[in-house]
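Asks: What follows is a single structure, and I will ask about it in a moment.
The values are calculated or read from the model by the stated rules, or taken from the named source; none is laboratory data. Keep in mind that this is a model prediction, so the values were computed, not measured. Cβ coordinates were reconstructed from backbone atoms using ideal geometry, including for glycine residues, and neighbour counts include every protein chain displayed. Protein only, heavy atoms only, side chains kept; ligands, DNA and RNA dropped before computing areas. Shrake-Rupley method; radii C 1.70, N 1.55, O 1.52, S 1.80 Å.
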Amino acid sequence: MAARIDVSIEHSHAPPEPDGKRHPNTCPGCGSHYRDDELEEHLNVCPQCGHHFPLPARARIKQLADEGSFREEAEELRSDDPLGFFDLRPYPERLAEAELATGLGEAMVIGEATLEGAPLELAVMDFSFMGGSMGRVVGEKFTRACESATERQVPLVSVTASGGARMQEGILSLMQLPKTVCAVEDMHDAGGAMISVMAHPTTAGVLASFASLGDVIIAEPGALLSFTGPRVVQQTTREKLPDDFGLAESNYRFGHIDAIVARADLKDYVARLLRLFGNAR
């Protein structure tokens, strides 16, 4: 029997689940249950313990951008199957399933918007699309977002939530790391600025590339920000890790990020940064 490969993202604080099932609106931090409208009212944050639930890309954009200001770019881009990849199912089948489930063409949405009247470019990832994995189209979309921000002379705000590179695209996926790094460097060389917001989880190739290159790096509370999860590190090193290993709080303590900002405060915080960068109108 072939060895099973576990590529899941861990949540070290999740209580055990009966029969491996949990309602999606059950808080893994305190076990509270919520209706959809209750969670939406609180920005998908548990009002009891502050746990930040995952947030779809379009919901994130709605929370960050001025109402009606977002105009999506490169919406038509779709991944193909350059390697003819097949694991348990063909790669195109997985892509189609992800698009039907999320309503997105890829794991990143980009476009121009305003925030409190200040113009900006947004590049927002969606973990529900194949684990927010970065393939060629995600890399291309992010590069176009950098180019659009440079052309319009506005800051780029990226929001990441990713399990890393997309294995179905092999080395072509890994090449998105240097591609996105070069895109950020070109934007910086042209005088542009980038604000990086890391949501849970921001890991592997995305953390190791553009997510860590922001002029200001912000994280949501409790987000896993690590090249690999604590379970894998502990199994490899055979050492006991601290309970907050790889979490936003640990990264902040060691100076890897600039601030931890709760979702309810994120819009005002980013707007303040835009004013500091001199782009408010």
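Asks: Provide the percentage of antiparallel DSSP beta bridges, counting only those with both residues in region 184-281; round to the nearest 5.
Replies: So the antiparallel bridges amount to about 10 percent of the total.
Asks: Further question: Taking Cα centroids, how far is region 40-68 from region 160-204 in Å?
Replies: When both Cα centres are located, 23 Å separates them.
Asks: Let me ask something else about it. Quick check: net charge around L174, other residues with Cβ under 11 Å of its Cβ, Lys/Arg +1 and Asp/Glu -1?
Replies: My count for the surroundings of L174 gives +2.
Asks: Using a 10 Å Cβ count of at most 14 others and DSSP loop calls, identify the longest part of the chain lacking such chymotrypsin sites (Phe, Trp or Tyr not before Pro).
Replies: Counting only loop sites that pass the neighbour cut-off, the longest clear stretch is 1-226.
Asks: Run the numbers on the chain and let me know its relative contact order in percent, using alpha-carbon pairs under 8 Å that are six or more apart.
Replies: The normalised contact order for the chain reaches 15 percent.
Asks: Give me the percent of the accessible area of region 54-280 that comes from carbon and sulfur atoms, probe 1.4 Å, all protein chains in place.
Replies: 55
Asks: While we're on this one: Identify unpaired cysteines across the chain, taking unpaired to mean no other cysteine Cβ lies under 4.7 Å from the residue's Cβ.
Replies: C146, C182
Asks: Of all the Cα-Cα pairs you can form in region 208-260, what percent are over 16 Å apart?
Replies: 42
Asks: Would you tell me the accessible area of M175, worked out with a 1.4 angstrom probe on the heavy atoms of the protein chains, in Å² to the nearest 10?
Replies: About 110 Å², ignoring ligands and nucleic acids.
Asks: Another question, if that's okay. Sum -39500 (n - 2.57) across every DSSP H segment of at least 4 residues in the chain, then divide by the residue count to get the 222 nm mean residue ellipticity, nearest 500.
Replies: My calculation for the chain gives -9500 deg cm²/dmol from helical runs alone.
Asks: Pull out the extension gain between R275 and F245, defined as 0.36 nm times the separation in residues minus the alpha carbon to alpha carbon distance; nm, one decimal.
Replies: The span from R275 to F245 would gain 7.4 nm if fully extended.
Asks: Do me a favour and compute the ellipsoid semi-axes for the chain from its Cα gyration tensor, root of five times each eigenvalue, largest one first, whole Å.
Replies: 28, 24, 19
Asks: Here's another thing I want to ask about it. Among P54, P24, P155, which one shows the highest mean-square fluctuation when the chain is modelled as a Gaussian network with alpha-carbon springs under 10 Å?
Replies: Taking springs between Cα atoms under 10 Å, the residue moving most is P24.
Asks: Continuing with this model, one more query. Just to confirm the filter: which trypsin sites (Lys or Arg not before Pro) across region 60-134 are DSSP coil and have at most 14 other Cβ within 10 angstrom of their Cβ?
Replies: Sites meeting the loop and neighbour criteria: R78.
Asks: Give, in nm to one decimal, the length gained when the segment between R231 and D36 is fully stretched (0.36 nm per residue of separation minus the Cα-Cα distance).
Replies: Value of the extension gain: 67.1 nm.
Asks: Still on this model: Quick check on the chain: of the DSSP beta bridges with both residues there, what percent are antiparallel, nearest 5%?
Replies: That works out to approximately 45 percent antiparallel.
Asks: DSSP loop (so not H, G, I, E, B), at most 10 other Cβ within 10 Å: list which GluC sites (Glu not before Pro) in region 174-281 pass both filters.
Replies: Filter output for region 174-281: E239.
Asks: Cα-based count: Lys pairs in the chain below 26 Å, eight or more positions apart or different chains?
Replies: The number of close lysine pairs in the chain is 4.
Asks: Mind putting a number on the dipole of the chain about its Cα centre? Charges go on the C-beta only, +1 for Lys and Arg and -1 for Asp and Glu, and I need it in Debye to the nearest 20.
Replies: 520
Asks: For the modelled label position 7 Å from the Cα of D265 along Cα-to-Cβ, which residues of region 214-229 have backbone nitrogen atoms closer than 16 Å?
Replies: The answer is 217-223.
Asks: Run the quick spin-label model on M175 and D81: label points 7 Å from Cα toward the beta carbon, then report their separation in nm to one decimal.
Replies: 2.1
Asks: Viscosity 1.002 mPa s, temperature 20 °C: Stokes-Einstein D of region 122-207 from its Kirkwood Cα radius, in µm² per second?
Replies: 168
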